[in-house]
1. Please find, among SER241, SER259, SER294, the residue that is over 30 Å from ASP436 (Cβ atoms), more than 16 Å from the ligand (Cβ to nearest atom) and either in the same structural domain as GLY417 (by TED's automatic domain parsing) or surrounded by 24 or more Cβ atoms within 10 Å (Cβ to Cβ) (or both).
2. Return the pair list, or none, for Cβ contacts closer than 6 Å from residues in segment 192-209 that are touching a residue at least 40 places away in the same chain (Cβ under 8 Å) to residues that are in a helix (DSSP H, G or I) and among the hydroxyl-bearing types (Ser, Thr, Tyr), at least 6 apart or on different chains.
3. Residues to consider are ALA306, ALA325; find the one that is within 19 Å of ALA461 (Cβ to Cβ) and within 15 Å of the ligand (Cβ to nearest atom).
4. Kindly check whether there is at least one residue in segment 457-469 that is outside any strand (DSSP E or B), within 12 Å of the ligand (Cβ to nearest atom), buried (at least 21 other Cβ atoms within 10 Å of the Cβ) and more than 22 Å from the chain's Cα centre (by Cα).
5. Looking only at segment 444-453, decide whether some residue is away from the ligand (no atom under 15 Å from the Cβ), small (Gly, Ala, Ser) and either over 17 Å from VAL366 (Cα atoms) or buried (at least 18 other Cβ atoms within 10 Å of the Cβ) (or both).
6. ALA481 fails exactly one of the following numbered conditions: (1) crowded, with 17+ Cβ neighbours inside 10 Å; (2) at pLDDT below 95. What is the number of that condition?
7. I'd like to verify a number: residues in segment 331-354 that are open to solvent by 20 Å² or more (accessible area, probe 1.4 Å) and assigned to a helix (DSSP H, G or I), how many?
8. Tell me, please, whether a residue that is within 16 Å of the ligand (Cβ to nearest atom) and out of contact with any strand residue (DSSP E or B) (no Cβ under 6 Å at 6 or more places or on another chain) can be found in segment 379-387.
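The values are calculated or read from the model by the stated rules, or taken from the named source; none is laboratory data. Since we're looking at a predicted model, the values are computed, not measured. As a convention, Cβ positions derive from the backbone with ideal geometry for all residues, glycine included, and neighbour counts pool all protein chains shown. Each accessible area value is taken on the protein alone, full model and side chains, heavy atoms only, with ligands, DNA and RNA left out. Shrake-Rupley method; radii C 1.70, N 1.55, O 1.52, S 1.80 Å.
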Amino acid sequence: MLGLMQNKSLLISSLIEHAEKQYRDSEIVSRTIEGPIHRYTYADCAKRSRQLAKALTKLGVQQGDRVGTMAFNGYRHVELYFGVSGMGAVCHTVNPRLSPEHVIYILNHAEDKFFFFDLPFVPLLEAVEDKLTSVKGFVVMTDKAHMPQTKLKNVMCYEDIVNAEDDDYQWPDMDENTASALCYTSGTTGNPKGVLYSHRSTVLHALAGLTVDGIGYSNKDAILPVVPMFHVNAWGIPYSSAMCGAKMVMPGALMDGKSIYELMEMEQVTLSAGVPTVWMMLLAYVKETGKKFSSMRRTVIGGSAAPRSMIETFRNDYNVDVLHAWGMTETSPLGTACHLKKKHEGISEEDIVTLSLKQGRAVYGVEMKIVGMNGEELPWDGKACGNLLVRGPWIASGYFKGEGKGAVDADGWFDTGDVSTIDEDGYMQITDRDKDVIKSGGEWISSIDVENETVGVPGIAEAAVIAVPHPKWDERPLVIAVKQKGANVTKQDVIDHLSKTLAKWQLPDDVVFVDALPHGATGKLLKNVLRAEYKDYKLP
Ligand code: AMP
C-alpha cells in the first residue's frame, strides 16, 4: 500500500522561492570584482534570478542545455545558480585555476552553449576561444560601464540581458532527478571527469547541511563561504543558506587574510568555510596584526586535513570552534562532519582537539564502509585502515558521458580513493589518499599524520610529505617544508619535535626546505609534482 502524501518534486527553484517568501529581507552581501560592496536581499535575488531565466530563454537556452560559469563568489553567480538550474538547464561551474588545456577540454566535453564569466577571465577566454566547439555566446558578468574591450565574438553584458526582462516568470515543474549542475573533478592525472548533480540530490544535500549534526547552518548565521562557487558548489552553501535565509557574505576575488578578516568584521560573520590553506593565511594575518574576531563563532575546515595546530589556534587563541568535515566533488560534497557526541561532554580540551582531527561521522543520508585489499569489509575499531567507500542519494552514480567506469560497484558503493579508519563511535579518519600513503617495510605511514605534526613545529608554515624510493624499506618519508617569514628552524628541530609524537619508523629520513609548495586548482598540495621532482632524491 502506498502512502497518501503529496509527491512534490524537490527542485532548486523551491529554495529561492522559499527564501523570497520567508526571508525576504535577509541579505546577500558581495565584494564585487568592480570594487564596491554590493548589498541586496533574497527577495531581490529571487526576482533577478527569474529575469535571468527569462533572458536565457530568449537566448534559446533549453532544458538540459549546459550553461558555463567562470566566476568568483558573488551575487550574480548566485543568480546563475538559481536561474540556470531553476529553468531546467545545467549550471556548469568551471575552475579558473585550471590549465587552459583543461578549460578547453571541459567546455567542449560539457558542450556549454553559453558562457558567463567575471571580468578577470577575459584574457583566458580570448586565448582559448578558437578551440571552443559549442559556445554560441559569452556573457561578461558586469554592467555597461565596466564592459571590457575584447576580441571575443558575440559578447553580451550581464546587466543588459537581465535588465531587459521583467520577472514575470514561473519556474517550471520537472522531475526532481533532472540534472541541475555540473562540476569537473580536478584530477591530478588524466582529463577531469564531470560530476552531474540533480535537483533531488542538491536539495537533500542542502537539507543535510542544515541539520545540527550536519553543518548546522541557521538563519541566525552570517555565512562567509571562502570555498569558491566553482568548486563543488561552494560546498552547497548557497542552497543551504537560501533554505534557512542565512545572511551570505561573498568575498569575490580577494581571498588574502586581510581582505577576508575585514569582510568578516564588517559584516559580522559568524560562520565560515574553507580549505586549510585559506585559514593559514587568515591566521597569519590576525597573528601578525594582533587582531581578534568579534563575531566569528565557527569555521568549517575541509578539502584537506585540518592540522592540530590550526584547530588549537582557532579554539584557544581566537575562541572560534572548528568543525572538521570531509567530502569530495563526487559526494556533493558533504560526507562526514566531526561533531562531538553527548557522551563526550566534559572531556578535556586535549581530547576535544584529538577528536576534532578526525573527519567525523557520516551525516544521515551517507553510508560508509572501509574495505581491505581484497574488498573484504574491515572492522570499525579505529585501527583497521582501508579504502573508504560511500553511497547515498547525493553520491555520484557515475561520471558525465560514462567516463571513469568502475568507480561505483554493483551495490552502489563509490570508491573515494581515500584510505581511512572508522572507530567504534563511527568517526572516520582519513589516513591518506590511496596514492600518497608511504609503504615502508610492510608498514603504512600516513603522509597526512606526518604533515600535520610538521606544521605544528614552531617556525614551519606549510609542509608536504612524500614517499621516496629506498633500497631496503621500499619507501621512506621525506618532508618538504616552507619556513615562516624570518624563522630559522632546522632539520633537527623538525625531527626532535616529531619524535615526541611519532614512532621511530614513522620519522622522516630527511627534511628539505623550499620557498613554496605547488598547489592544484582547488588549493590542494600537488604531491604528484613533488614526487616527480624528488624521484631521484638521495636520502642521507
Ligand atoms: P575534491 O573532489 O577536489 O573536493 O577533493 C576531494 C578529496 O579531498 C577527498 O577525496 C580527500 O582526499 C580530500 N579531502 C577532503 N576533505 C578532507 C579532509 N577533511 N581531510 C583530508 N582530506 C580531505
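1. On inspection, the qualifying residue turns out to be SER241.
2. Between residues of segment 192-209 that are touching a residue at least 40 places away in the same chain (Cβ under 8 Å) and residues that are in a helix (DSSP H, G or I) and among the hydroxyl-bearing types (Ser, Thr, Tyr), the close pairs are VAL195/THR329; THR202/TYR239; ALA206/TYR239; ALA206/SER240; GLY209/SER240.
3. ALA306
4. Keep residues of segment 457-469 that are outside any strand (DSSP E or B), which gives 457-459.
Still in the running and within 12 Å of the ligand (Cβ to nearest atom): none.
Taking every residue of segment 457-469 in turn, none turns out to be outside any strand (DSSP E or B), within 12 Å of the ligand (Cβ to nearest atom), buried (at least 21 other Cβ atoms within 10 Å of the Cβ) and more than 22 Å from the chain's Cα centre (by Cα).
5. The answer is no, given that none of the residues of segment 444-453 is away from the ligand (no atom under 15 Å from the Cβ), small (Gly, Ala, Ser) and either over 17 Å from VAL366 (Cα atoms) or buried (at least 18 other Cβ atoms within 10 Å of the Cβ) (or both).
6. (2)
7. 8
8. Going through segment 379-387, the residues within 16 Å of the ligand (Cβ to nearest atom) turn out to be 385-387.
Retained after the next criterion (residues that are out of contact with any strand residue (DSSP E or B) (no Cβ under 6 Å at 6 or more places or on another chain)): none.
So far as segment 379-387 goes, no, none of its residues is within 16 Å of the ligand (Cβ to nearest atom) and out of contact with any strand residue (DSSP E or B) (no Cβ under 6 Å at 6 or more places or on another chain).
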